[in-house]
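The values are calculated or read from the model by the stated rules, or taken from the named source; none is laboratory data. Predicted, not measured: the structure shown is a model, and the values here were computed from it. Please note: Cβ atoms are built from the backbone with ideal geometry, for glycine as well, and neighbour counts cover all protein chains shown.
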Amino acid sequence: MNSLHLKALLLAIETGSISSAARKLGKKQPQVSQWISDLEIDLGVTIFERTGNKTRLSIEGERLLPFLTHTMSQFDQFVQHAEMIAHNEPTVLTIGIENYIPEHAFTQPLALALDLPHLSVEVYREEKHQLEADLTQGNTDIIIINESDTLHHLHFEYCRLGFYNEVLACSPAHPLASLMSVTTKDLSQYRELIWGEAGSLQDDTNSHGFSPLYSVFSDIQPLVAMLKYSKGFAFLPAECVATDIEQHQLTTLHCDFEPNSIDRRIELCWRNGLTHSHHGAKVIDAFKHHHQLADNTTV
């Protein structure tokens, strides 16, 4: 029993004829007929009922057909993955996205990555420092992070993509909402709600926010809920609070030290050599195209 014999059997069932299966395989009918007969002997079941020159799938054959179909499907995937590995193509692509980055910055190119055949994709959210460590250590293939202060990344390739807008928001009932222009002194009097990793600010509070009193939320939904309860202010991606602002559940503040809407640029980083593979290059190009970047922006 071998894969070609099983393929011949499946073709004979699908086409309804051993002769048709033989033609598709480029083999002679007697040879394919013998393969199927040998399979029946090996398996101990009658797959086809033969009457004269006609063949019909037996009851046993009908019961075996779902297993045969599944087996051949898995075998095809095995061959395709083996070919990808032989050509240094990734069969699984891992993409890390910084917690703070809003969905519209990556949804469309990520959807294109999921359309690539025979490629599994793993996506996770994490803090920037961990994502950069994962990429440097070879534990992930691509990361999407807020723009770094680093002038040049030494351990992986990267390019700067587009940007998203960030706003300073609070409840319309919050005391800050009554001010024409907000200063850092004004902000320091109230609690800052921060979207980030819990526990990440304990070492040095003052370097991470505008207020000595803060609350950190790993999930943005409870953070927004606390904003609506007038429990503080927050700098958040505009997309994440646009509906709440339109419905007057939140309001944006004008501050004297930043524009009313702040542009936050993002970076796409990938492991060295990823673009040498067909699938890797496709995914990188999808992100660049989405952000209207040319190839010469790669550093």
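Yes/no matrix, rows are residues, columns are (1) of a type in the set (A, V, I, L, M); (2) within 45 Å of the chain's Cα centre (by Cα); (3) in the same structural domain as His118 (by TED's automatic domain parsing):
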{"residue": "Ala12", "(1), (2), (3)": "yes, yes, no"}
{"residue": "Pro30", "(1), (2), (3)": "no, no, no"}
{"residue": "Ser37", "(1), (2), (3)": "no, no, no"}
{"residue": "Leu57", "(1), (2), (3)": "yes, yes, no"}
{"residue": "His70", "(1), (2), (3)": "no, yes, no"}
(request) Starting from region 183-210, keep only residues that are not assigned by TED's automatic domain parsing to the domain that holds Val224, then list their pairs with residues that are hydroxyl-bearing (Ser, Thr, Tyr) and at pLDDT 80 or above whose Cβ atoms are within a distance under 9 Å, requiring at least 6 positions of separation or different chains. (result) none
(request) Taking Gly162 as the residue in question, decide whether it is part of a loop (DSSP other than H, G, I, E, B) and more than 18 Å from Ile245 (Cβ to Cβ). (result) no
(request) Select from region 247-292 the residues that are aliphatic (A, V, I, L, M) and at pLDDT 85 or above and list them in ascending order. (result) Leu250, Leu253, Ile266, Leu268, Leu274, Ala281, Val283, Ile284, Ala286
(request) Taking Lys7 as meeting all but one of (1) without any contact (Cβ under 8 Å) to a residue 60 or more places away in the chain; (2) charged (D, E, K, R); (3) outside any loop (DSSP other than H, G, I, E, B), write down the number of the exception. (result) (1)
(message) I'd like to check something: does region 75-87 contain any residue that is modelled with pLDDT of 85 or more and buried (at least 16 other Cβ atoms within 10 Å of the Cβ)?
(response) no
(request) Report the residue count in region 42-58 for those that are loosely packed, with under 11 Cβ neighbours inside 10 Å and either touching a residue at least 60 places away in the same chain (Cβ under 8 Å) or under 15 Å from His5 (Cβ atoms) (or both). (result) 1
(message) Against the conditions (1) more than 27 Å from the chain's Cα centre (by Cα); (2) outside any strand (DSSP E or B); (3) not charged (D, E, K, R), where does Ala169 fall short? Just the number, please.
(response) (2)
(request) Go through (1) under 26 Å from Pro237 (Cα atoms); (2) touching a Phe, Trp or Tyr at 6+ places or on another chain (Cβ under 9 Å) and name the single condition Tyr124 misses. (result) (2)
(request) Please go through region 167-213 and pick out each residue that is surrounded by 12 or more Cβ atoms within 10 Å (Cβ to Cβ) and at pLDDT below 90. (result) Trp195, Gly196, Glu197, Ala198, Ser200, Leu201, Thr205, His208, Gly209, Phe210, Ser211
(message) Take the residues in region 120-143 that are touching a Cys at 6+ places or on another chain (Cβ under 8 Å) and β-branched (Val, Ile, Thr); name whichever of them is nearest to Leu93 (Cα to Cα).
(response) Ile142
(request) Give region 172-186 a look and list any residue that's basic (Lys, Arg) and not in a helix (DSSP H, G or I), or say none. (result) none
(message) Among the residues in region 118-137, are any in the same structural domain as Leu250 (by TED's automatic domain parsing), more than 20 Å from the chain's Cα centre (by Cα) and hydrophobic (A, V, I, L, M, F, W, C)?
(response) no
(request) Could you please find all residues in region 133-174 being of a type in the set (Gly, Ala, Ser) and more than 17 Å from Val123 (Cα to Cα)? (result) Ser148, Gly162, Ala169, Ser171, Ala173
(message) Out of the residues in region 122-146 meeting the condition of being hydrophobic (A, V, I, L, M, F, W, C) and not in a strand (DSSP E or B), tell me which one is surrounded by the fewest Cβ atoms within 10 Å (Cβ to Cβ).
(response) Ala133
